[in-house]
Every structure is written in structure tokens, then in C-alpha cells.
Number of protein chains: 4
Amino acid sequence: MKLEQKYVLTSEIAREIVNKAEERAKELGVKVCIAVVDDGGNLVEFRRMTGAPILSIEIALNKAFTSIAFGLPTGQWYDLIKDEPALLYGIVHTPRLVIFAGGLPIKYGGKIIGGIGVSGATSQQDEEIAKAGISIFENQKV
Amino acid sequence: MKLEQKYVLTSEIAREIVNKAEERAKELGVKVCIAVVDDGGNLVEFRRMTGAPILSIEIALNKAFTSIAFGLPTGQWYDLIKDEPALLYGIVHTPRLVIFAGGLPIKYGGKIIGGIGVSGATSQQDEEIAKAGISIFENQKV
Amino acid sequence: MKLEQKYVLTSEIAREIVNKAEERAKELGVKVCIAVVDDGGNLVEFRRMTGAPILSIEIALNKAFTSIAFGLPTGQWYDLIKDEPALLYGIVHTPRLVIFAGGLPIKYGGKIIGGIGVSGATSQQDEEIAKAGISIFENQKV
Amino acid sequence: MKLEQKYVLTSEIAREIVNKAEERAKELGVKVCIAVVDDGGNLVEFRRMTGAPILSIEIALNKAFTSIAFGLPTGQWYDLIKDEPALLYGIVHTPRLVIFAGGLPIKYGGKIIGGIGVSGATSQQDEEIAKAGISIFENQKV
């Protein structure tokens with residue numbers, strides 16, 4: 001029996017992602033919460049920038065969780081469910097599910113290794129900040 | 001005093017249902033979570049296919065629970081509540097209630113003996129997989 | 001940047017573990033719940049044998065979680081905390097923590113890839129059943 | 001009307017505390033989770049070192065919360081309650097309360113401005129790591 005392997009999202013990489021995301025938030029002049037979870041949905045690194053809304057703490061955590069738990073950017077959920085009223089009225093109540101932008105899966109070597117969630121600015125800005133965070137993997141050869 | 005009887009959804013039957021459902025999921029090329037609960041809503045058998053979303057774990061469990069807890073396929077809930085705004089906006093908050101397809105009551109001898117919940121694909125596929133699971137009772141003489 | 005790798009506890013292996021554990025439970029003549037979680041603590045496979053106590057459902061799930069969440073057999077917890085009253089009275093309240101036998105980490109290639117939790121018999125029997133489950137990895141060359 | 005003022009535990013300071021604590025954890029050769037909350041008990045910074053137990057995520061968060069929520073090191077709780085059975089058996093059930101060492105209030109200028117919680121090693125080591133974190137305030141003139 002030979003088991004398949006997957007990649008480990010280390011603490012160091014999670015911090016690098018959060019640092020990069022925060023840098024972009026500062027450029028945009030917004031204050032956000034940034035969360036990174038591993039592939040099991042468990043928290044690795046979290047930061048609330050000074051002045052970011054307290055409400056955003058849980059939203060950032062949940063965006064990160066949703067991204068890994070379903071493997072899609074949270075910003076794609078509304079389009080997925082908007083034409084099916086049963087989902088639109090129903091699935092949104094799933095605990096920890098966020099259906100608006102700001103959460104992205106973190107991929108490496110073609111596999112999902114974790115998720116990032118950003119909350120505190122507009123959801124478009126949140127997503128832009130999340131994207132900046134995972135840009136640390138660009139131009140990487142695995 | 002003579003008490004009425006009910007049928008028991010055994011562990012063996014629950015597993016057979018899950019196996020049959022998984023078979024259909026594989027034919028459809030999707031990865032899902034499959035849960036079977038007994039007539040008390042308590043878990044009997046659960047399977048997460050490799051690669052099925054983590055988010056689907058709880059949804060599958062809740063679809064199985066809803067099916068037995070109200071005695072209807074979860075896919076019929078939206079039509080039931082859509083014209084009563086108080087229900088449409090209110091009852092969807094009931095913990096563990098799922099109002100979209102993928103959960104079915106398990107019936108035998110005209111009685112509900114349990115529920116199956118499937119999550120991970122489209123809700124139509126989820127229901128098709130659930131149906132395949134309970135098809136083991138077809139052509140059965142009680 | 002090159003990420004470390006870890007092993008994947010697939011659905012097939014989880015089922016094999018549960019089957020093997022159930023076999024041992026039958027030999028012992030007891031009825032138990034058996035849960036297997038992956039390295040993120042998320043449920044992969046669950047079985048309640050016909051007649052196993054409903055109370056054992058959650059205990060089995062929590063034993064599996066505790067095993068992976070701390071990396072130790074649940075049966076070792078009491079000895080760890082018994083001489084520190086603050087832990088003995090305090091840490092036992094941690095949600096999902098179980099401090100009695102029946103949960104074991106699942107190891108492969110020297111790494112923890114998941115956890116198994118068994119509940120329903122005596123805690124010694126529960127652990128024996130869990131051990132039988134993970135015995136599928138014996139004599140394996142990684 | 002002139003309102004009293006309080007000090008703000010900024011994101012930058014929280015990170016500095018976490019960094020300092022992690023440094024000590026590395027010296028001790030242990031892997032822990034470290035959480036810093038502000039004076040409202042709301043999360044500011046969190047880090048899970050690679051390999052730290054998943055179980056410690058919530059315990060670290062709760063130790064930080066308890067520290068600020070009651071204004072005492074969590075390690076002092078057991079002595080406070082041990083001679084009052086109603087507390088010893090009762091108050092330990094309070095959600096998010098931790099009664100063993102590893103959580104410390106963060107003080108500045110004689111006031112509590114936040115809390116730090118560490119979990120993953122022995123509770124004595126956890127507290128030592130937490131102490132290292134807040135040592136950044138030593139020799140500070142306010």
C-alpha cells in the first residue's frame with residue numbers, strides 16, 4: 001500500500017501570505033482582517049490590522065474556511081446559486097459558508113493546500129488583497 | 001397492551017445503501033459525502049469519497065437528518081415554503097434544516113425507517129445519487 | 001520554494017480500517033461506533049454497528065478528533081493530567097476532547113495521517129478495536 | 001465632560017508579541033499556538049507553528065480570552081477556585097474559560113490592554129512562552 005502525497009502549508013508560508021496581503025491592503029488604504037487556514041480548514045495565521053472592524057474577524061476566518069472547504073473562490077458562489085432559489089435561500093445558512101468575494105483557495109503544484117480569507121474593505125478589495133497574498137506562489141517551479 | 005412495531009435500519013443495510021450511492025457517484029464522475037441516519041435521526045453510516053468537499057460533510061449529515069425529521073425529500077422544501085414569506089425567510093434558519101435536493105427519506109413496508117443525505121455535486125446529482133442508494137429496496141416484497 | 005509533503009488518508013483506506021475494526025468488535029461480541037478522520041480532523045468514514053449506543057456516536061467522533069488533534073492515543077490523556085489538578089479539572093472541558101481510551105492516531109511513514117475513534121464497549125475494548133483497525137498498516141514498507 | 005483614555009493594542013504590537021513568544025518556543029524546542037486579543041477580547045494576531053497540535057488552536061484563543069476577560073493569568077485560576085467546590089465543579093464549564101497556565105493579561109501603563117494565550121507544550125512552558133511575548137514591554141517608560 002502506497003499512499004498519495006499532498007503539500008504542507010507551513011506556518012512560515014502562511015505568514016508570508018498574510019504579510020503580502022497586508023502590504024496590498026496598505027497600498028489600497030484599507031484596514032482588514034486576514035486569515036490563512038491549512039487544507040483541513042484549521043487556522044494557521046491571522047492578523048487584524050489596527051482599526052479593522054471586529055465584525056470582519058469571523059468573516060475573514062469563514063472566508064478562508066469556505067475557500068478550502070469547497071475549493072472555489074468565495075466570490076464565485078453567488079453566480080453558482082443565484083438561479084436556484086432553493087440554494088439561494090437555503091445553502092447560505094450553512095455554518096461558516098461565505099458567498100461573497102474575499103476568500104481564495106491557496107494552490108501549489110496543482111493542489112489546494114489551504115485557503116485565505118480577507119474581510120474589512122469592499123468585497124472586491126478584499127479579494128484583491130487575498131490575491132496579492134497568494135501571489136507569493138507566482139513564477140514558482142514546483 | 002400490544003405495541004405497534006417498526007422496522008430497523010441496520011448497519012448492514014445502511015452500508016449497502018451507501019455503497020450503492022457511491023457506485024452511482026462514480027458513474028457520474030463526482031465526489032460526494034453520503035450519510036445515512038436511522039428513524040431517530042442518528043447517524044448509522046457515513047462516507048466521504050476522496051476529494052469530496054469538506055463543506056459537504058455537514059450538509060450531507062443535515063440532509064439525511066432533514067429527510068427523516070420531516071419525512072420529505074429535501075428537494076421538496078423550497079416549493080412548500082416559497083409562497084409563504086414568513087417561512088421562506090424564517091424556517092430556513094432552523095438548525096440542521098436543508099431545503100435543497102440531495103436528501104431522501106428511506107422507506108420500507110410503507111414506513112419511514114431512516115434518511116439518506118448526499119452532498120458534493122449539483123443538488124440534482126446529489127438527489128440522483130441518494131435515489132440510487134435507496135434503490136436497493138426496489139422489487140422487495142415485505 | 002519547495003513545500004514539504006504529507007500523506008493522504010483516502011476514503012478507501014478509511015473504510016478498510018473501519019471494516020477491520022468492526023471485524024474485531026464482532027470477535028469480541030460488542031457493538032460499537034467507529035469513526036475515522038483525516039489529518040485535518042475532518043470525518044472520512046463512520047459506522048454504527050446495529051445495537052451500538054447512540055451516545056457512542058459523538059464519543060467515537062470526538063475520540064477520532066482528539067487523536068489527530070493532539071497526536072496521542074486518547075487513553076494516555078488521564079496519566080498526562082492526573083497530577084496537575086488545573087488540567088484535571090480544566091482541560092477536560094475542551095470541546096471535543098476525550099481523555100479515555102478508544103482513540104488512536106493513524107500513522108504512515110512516520111507521520112500522522114488521521115485518527116480513529118471507537119466507542120460503545122469498555123474503553124479497553126474500544127482501544128483494542130481501534131488497534132485492530134490500524135493494524136492494516138503493519139508490515140507495510142513505505 | 002472629559003472621558004478617560006485607554007491604550008490601544010495595535011496590530012504591530014500584537015505581532016511583535018507573537019514573534020517574541022515564538023522565538024522563545026523555538027528556544028525551548030516546542031511547537032505551539034499563540035493568540036493575542038485586545039482589551040475587548042477580540043482576536044488581533046494568531047500563529048500556529050508548523051506541527052503544533054490542532055487541539056491547541058482553540059485553547060490558545062481561549063487562554064487569551066480568559067486573561068483579558070478576568071484580568072488574571074489563567075494559571076492562577078485553579079488556586080482561586082480549588083477550595084470552593086461549587087466553583088471547582090461549576091465555573092469550569094463557562095464557555096471559553098481556561099483554568100490552567102498559558103494565558104496572561106497584557107499590561108501597559110498599569111492598565112490591561114489585551115491578553116496572550118499559548119498552547120501546545122506543557123502549561124508551564126506555555127506560560128513561559130507567553131511571558132516572553134509580553135517581555136517586549138519591559139524597561140519601557142510610559
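Quick note: the coordinates plus some simple rules give every number you see, no bench work behind them. What you are looking at is a predicted structure, and each value in this text was computed from that prediction instead of being measured. As a convention, Cβ positions derive from the backbone with ideal geometry for all residues, glycine included, and neighbour counts pool all protein chains shown.
Scattering from the C-alpha atoms of the protein assembly as shown alone, worked out with Debye: what is log10 I(q)/I(0) at q = 0.05, 0.07 1/Å? These q points yield log10 I(q)/I(0) values of -0.22, -0.43.
Coupling constants for region C:8-19 follow from the phi torsions by the Karplus curve (6.51 cos²θ - 1.76 cosθ + 1.60, θ = phi - 60°), and in residue order they are 9, 7, 6, 4, 5, 5, 4, 5, 4, 4, 5, 4 Hz; glycine and proline get x. Backbone amide hydrogens, once placed in the peptide plane, bring residue B:44 within less than 5 Å of B:36, B:37, B:38, excluding anything fewer than 5 places away on its chain. In region A:58-142, which GluC sites (Glu not before Pro) fall in coil by DSSP and have 14 or fewer other Cβ atoms within 10 Å? Answer in residue order: A:138.
Assuming R0 = 25 Å, what is the FRET efficiency of residue C:88 and residue D:96, from their Cβ-Cβ distance, to the nearest 0.05? Computed FRET efficiency for residue C:88 and residue D:96 comes out at 0.80. The amide H of residue B:114, built 1.01 Å from its N in the peptide plane, has B:106 as neighbours under 5 Å, considering only residues 5 or more places off or on other chains.
Counting every C-alpha pair in region A:24-65, the share spaced more than 17 angstrom apart comes to 30%. Return, ordered by residue number, the residues of region B:46-72 whose backbone nitrogen is under 19 Å from a label point located 7 Å along Cα→Cβ of residue B:27. In region B:46-72, the label zone of residue B:27 (backbone N under 19 Å from the point 7 Å along Cα→Cβ) covers B:49. Counting from the shortest, the label point at residue D:71, 7 Å from Cα toward Cβ, is 3.9, 5.2, 5.8 nm from the same position in each remaining copy. One Cα centroid belongs to region C:1-56, the other to region B:85-117; the line between them spans 27 Å. Restricting the calculation to Cα atoms, chain B shows an Rg/Rh of 0.99 when the hydrodynamic-style radius is the Kirkwood one. Computed 3J(HN,Hα) for region B:54-64, one whole-Hz value per residue from the Karplus formula 6.51 cos²θ - 1.76 cosθ + 1.60 where θ = phi - 60°, is 4, 4, 6, 4, 5, 5, 5, 4, 6, 5, 4, glycine and proline marked x.
With a Förster radius of 41 Å applied to the C-beta separation of residue D:19 and residue B:19, the computed FRET efficiency comes to 0.20.
About its Cα centre, the dipole of region C:68-142 is roughly 340 debye, where the only charges are +1 on Lys and Arg Cβ and -1 on Asp and Glu Cβ.
For chain A, the mean residue ellipticity at 222 nm estimated from helices alone is -12500 deg cm²/dmol, where every DSSP H run of n ≥ 4 contributes -39500 (n - 2.57) and the total is divided by all residues, rounded to the nearest 500. Between copies, the label points at residue A:23 (set 7 angstrom from Cα along Cα-to-Cβ) are spaced 2.3, 5.5, 5.5 nm, reported in nanometres from shortest to longest. Chain A's nearest residue to the axis relating it to B, judged by Cβ and reported with the distance in whole Å, is A:93, 4. Only Lys, Arg, Asp and Glu carry charge here, each on its Cβ (+1 for the first two, -1 for the last two); on that basis the protein assembly as shown has a dipole of about 340 debye about its Cα centre.
Build a GNM of chain A with springs between Cα atoms under 10 Å apart, and of A:35, A:60, A:69 the one that fluctuates most is A:69.
Could you tell me which residue out of D:43, D:1, D:78 lies farthest along the dipole of region D:1-111 toward its positive end? Charges go on the beta carbon: Lys and Arg +1, Asp and Glu -1, centred on the Cα centre. With unit charges placed on the Cβ atoms, the residue in question is D:43. Charge tally for residue D:72 (other residues, Cβ to Cβ under 14 Å; Lys, Arg +1; Asp, Glu -1): 0.
Charge dipole (Cα centre; +1 on Lys/Arg Cβ, -1 on Asp/Glu Cβ; no other charges) of region B:11-135 amounts to roughly 180 debye. Between copies, residue B:1 shows label-point distances of 5.0, 6.6, 6.9 nm, shortest first, with the point placed 7 angstrom from Cα along Cα to C-beta. In this label model, residue D:138 and residue D:72 are separated by 2.5 nm, measuring between points 7 Å along each Cα→Cβ vector. For region A:67-76, backbone phi angles converted through the Karplus equation (6.51, -1.76, 1.60; θ = phi - 60°) give residue-by-residue couplings of 4, 7, 6, 10, x, 10, x, 4, x, 8 Hz, Gly and Pro being listed as x.
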